[in-house]
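Inspection log for the structure reproduced underneath, given as structure tokens.
The values are calculated or read from the model by the stated rules, or taken from the named source; none is laboratory data. Keep in mind that what you see is a predicted model, and the values were worked out from it rather than measured. Cβ: placed from backbone, ideal geometry, glycine included. Neighbour counts: every protein chain shown. Accessible surface areas use protein heavy atoms only, side chains included; no ligands, DNA or RNA. Shrake-Rupley method; radii C 1.70, N 1.55, O 1.52, S 1.80 Å.
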Amino acid sequence: MFKRKILRFVREKDLFAGGDTVVVALSGGADSVALLRVLVESGVRCVAAHCNFHLRGTESDRDEAFVRTLCARLEVPLHVADFDTKAYAAAHHVSVEMAARELRYAWFEQIRMQEQAQAIAVAHHRDDSVETFLLNLVRGTGIQGLKGIAAKNGKVVRPLLEVSREEILCYLKQLGQDYVTDSTNAKDVFMRNKIRLDVLPLLKEINPSVSETIAGTARRLADVEAVYRSAMEESCKRVKDDEGRIHISSVLREVSPQAVLFELLHPLGFNSAQLNDIYRSLDGESGRLFYSADYVVLRDRDCLLVRKREETEEVVWTLQQETVEVNAGFQVPKDVHVACLDASKVKAPLVLRKWQAGDKFVPFGMRGFKKVRDYLRDRKYSLFDKENQYVVCAGDDIVWLVNERTDNRFRVTGQTRRVLMLRVKKDTPAIL
């Protein structure tokens with residue numbers, strides 16, 4: 001019964017084919033031992049991979065010895081890797097738990113490629129998926145996080161997701177197969193263990209079949225999520241333009257504006273509280289900024305603008321100058337990135353700086369002064385753009401609003417004999 005259930009699930013989810021080679025992640029615990037045994041019994045060509053993270057002293061070495069003995073008895077090829085997990089965690093600024101995860105999955109993929117295997121099988125079962133469901137629910141998540149554990153993720157497959165821990169133990173008992181026990185699993189130090197040891201037993205007092213119930217709900221939500229994902233992809237396309245601007249009026253026309261904002265911004269590191277603030281800002285004044293670890297969202301007029309944080313850092317500009325003699329064939333280039341001025345009217349030295357409150361100039365083609373602030377507002381510059389707008393000054397006079405417009409007082413005329421040509425080169429500092 002156990003084996004039939006596993007093989008049916010493998011076929012339904014298309015985890016791997018009959019003649020495929022499968023790398024089995026083998027810790028020595030009950031789940032991974034049952035996975036190896038059922039696949040071997042089913043005629044699947046297996047290669048075992050065991051990680052020794054050296055985190056539990058003699059227990060880690062005991063597990064490795066057990067795995068070696070088991071694979072020798074089953075005549076299954078075995079790969080073993082030793083990792084300095086704590087050193088990796090310190091070097092990469094991650095938790096020991098995350099370090100172990102990154103190390104093992106990267107190594108499993110190396111073994112898969114080396115063995116020309118088609119899949120990496122890990123031993124997550126139904127109870128693990130239920131714990132993931134509850135863990136995500138407690139932390140806060142979208143519908144994606146309520147599907148439980150995926151049966152297939154790239155080359156990683158999970159054939160045991162339809163069976164419970166209890167079924168696994170019964171299967172091993174029928175085989176007379178022993179296994180090793182990780183002592184840390186009996187401690188409620190980590191949140192997942194708290195759910196396993198404390199929360200689920202309480203829920204079973206209310207509903208003895210709570211694990212099956214949650215697993216069934218997760219399966220239905222996986223189907224719902226497929227529909228939701230398709231609809232959300234279309235919604236996200238409708239509210240964003242080719243330049244990545246999120247149009248507020250378009251968001252508000254969607255069936256669930258908050259859900260659209262969640263899908264657009266939650267992957268960028270914005271939490272639920274921030275997303276609520278952003279949603280409330282849609283009816284507010286322009287100019288508010290919202291920050292995640294890596295991104296900035298600006299509420300700008302009728303749009304939300306998203307930038308990586310390093311893109312909002314100060315830009316370094318270099319002013320380039322060239323003086324040319326006017327000849328019969330000279331024409332002022334029609335390029336806002338090149339300023340052409342009458343050299344006789346410009347007094348050196350020229351200074352390149354950011355615009356400041358109170359700055360004003362006479363825009364080319366006009367007679368009267370206009371404040372730079374008003375000019376940028378009329379041009380509908382965002383706060384991001386305004387912060388990095390530069391001017392070129394000759395004494396107290398602005399001669400060029402960089403890459404926008406020259407000052408009409410210094411324009412090239414029919415009497416001009418020498419033209420001062422200005423360009424700026426933008427150098428973005430390297431992100432260390």
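Name the shape class, rounded, prolate or oblate, that the alpha-carbon gyration tensor gives for the range 95-189, where a ≥ b ≥ c are the square roots of its eigenvalues, rounded holds for a/c under 1.5, and otherwise prolate holds if a/b is larger than b/c and oblate otherwise. Mind dumping the intermediate values first?
Details: a/c = 1.37, a/b = 1.03, b/c = 1.34.
Cα axes put the range 95-189 in the rounded bin.
Note on the range 1-71: the alpha carbon radius of gyration divided by the globular reference 2.2 N^0.38 Å gives 1.23.
Tell me the relative contact order for the chain as a rounded percent, counting alpha carbon contacts under 8 Å between residues six or more apart.
On the way: 622 pairs, mean separation 50.9, N = 432.
Result for the chain is 12 percent.
Taking K and R as +1 and D and E as -1, what net charge do the other residues with C-beta under 12 Å from the C-beta of residue 163 add up to? List each step's numbers first, then the result.
On the way: positive: 3, 4, 5, 8, 126, 158, 165; negative: 31, 127, 128, 162, 166, 167, 212.
Once all neighbours under 12 Å are counted, the net charge is 0.
What the Cα atoms of the range 215-335 give is an Rg and a Dmax of 21.7, 83 Å. Could you work out how far the C-alpha centroid of the range 169-245 sits from that of the range 344-398, in angstrom? The two parts, judged by their Cα centres, are 58 Å apart. Which residues does the label zone of residue 302 cover in the range 241-284, counting backbone N under 11 Å from a point 7 Å along Cα→Cβ? Flagged as within label range: 247-250.
With +1 on the Cβ of every Lys and Arg and -1 on the Cβ of every Asp and Glu, and nothing else charged, how large is the dipole of the chain about its Cα centre, in debye rounded to the nearest 20?
1260 debye
Could you work out the local net charge near residue 11, counting Lys and Arg as +1, Asp and Glu as -1, over the other residues with Cβ closer than 15 Å to its Cβ? It works out to a net charge of +3. Can you bin the range 136-291 into rounded, prolate or oblate? Criterion: square roots of the alpha carbon gyration tensor eigenvalues sorted a ≥ b ≥ c, rounded for a/c under 1.5, prolate for a/b above b/c, oblate for the rest. Taking the square roots of the gyration eigenvalues as a ≥ b ≥ c, the range 136-291 is prolate. When the trypsin sites (Lys or Arg not before Pro) in the range 337-386 are filtered for DSSP coil states and for at most 16 other beta-carbon atoms within 10 Å of their beta-carbon, the remaining sites are 347, 367, 379, 380. Pairs over the 31 Å Cα-Cα cut-off, from the set 237/360; 155/240; 86/152; 237/386: 237/360; 155/240. In the range 7-127, carbon and sulfur make up what percent of the accessible area (probe 1.4 Å)? C and S fraction of accessible area: 50 percent. Eigenvalues of the alpha-carbon gyration tensor of the range 27-108, scaled by 5 and square-rooted, set the equivalent ellipsoid semi-axes at 26, 13, 10 angstrom, largest first. Taking Cα centroids, how far is the range 2-69 from the range 82-133 in Å? So the two Cα centres are separated by 14 Å. The local environment of residue 278, defined by Cβ-Cβ distances under 10 Å, has a net charge of +2 under the rule Lys, Arg +1 and Asp, Glu -1. Here the convex hull built on the C-alpha positions of the range 331-413 has a volume of 97 cubic angstrom per residue.
The label point for residue 141 and the one for residue 256, both projected 7 Å from the Cα toward the Cβ, are 1.6 nm apart.
How tilted is helix 2-12 with respect to the longest principal axis of the chain? Cα atoms for both, answer in degrees (0 to 90, nearest 10). With both axes taken from Cα atoms, the answer is about 30 degrees.
On a per residue basis, the convex hull of the C-alpha atoms belonging to the range 274-378 measures out at 171 Å³.
Averaged per residue, what accessible surface does the chain expose to a 1.4 Å probe, in Å²?
On the way: 24110 Å² over 432 residues.
Counting only protein heavy atoms, the per-residue value for the chain is 56 Å².
With N the number of residues in the chain, Rg(Cα) / (2.2 N^0.38 Å) evaluates to 1.46. Contact order for the range 104-163, expressed relative to its length and based on alpha carbon pairs under 8 Å spaced 6+ residues apart, stands at 42 percent.
Relative to the longest principal axis of the Cα atoms of the chain, the long axis of helix 210-239 lies at roughly 20 degrees. Protein heavy-atom surface of the range 205-265, 1.4 angstrom probe: 53% of the accessible area is carbon and sulfur, with nucleic acids and ligands not counted.
From the square roots a ≥ b ≥ c of the eigenvalues of the alpha-carbon gyration tensor of the range 1-140, which class results: rounded (a/c under 1.5), prolate (a/b over b/c), or oblate?
Oblate shape, in that a/c is at least 1.5 and b/c is the bigger or equal ratio.
Computed from Cα atoms, the angle from the helix 96-115 axis to the main principal axis of the chain rounds to 80 degrees.
Histogrammed with a bin width of 10 Å, the alpha carbon distances of the range 195-279 distribute as 15, 32, 24, 20, 9, 1 percent, first bin at zero. Each pair of Cα atoms in the range 63-120 enters the Kirkwood radius, and Stokes-Einstein at 10 °C and 1.306 mPa s then converts it into a translational diffusion coefficient of 122 µm²/s. In percent, what relative contact order does the range 237-371 have, based on Cα pairs under 8 Å that are 6 or more apart in sequence? The normalised contact order for the range 237-371 reaches 14 percent. When the accessible area of the range 327-423 is split by element with a 1.4 Å probe, what percent falls to carbon and sulfur? Percent of accessible area from carbon and sulfur atoms in the range 327-423: 47.
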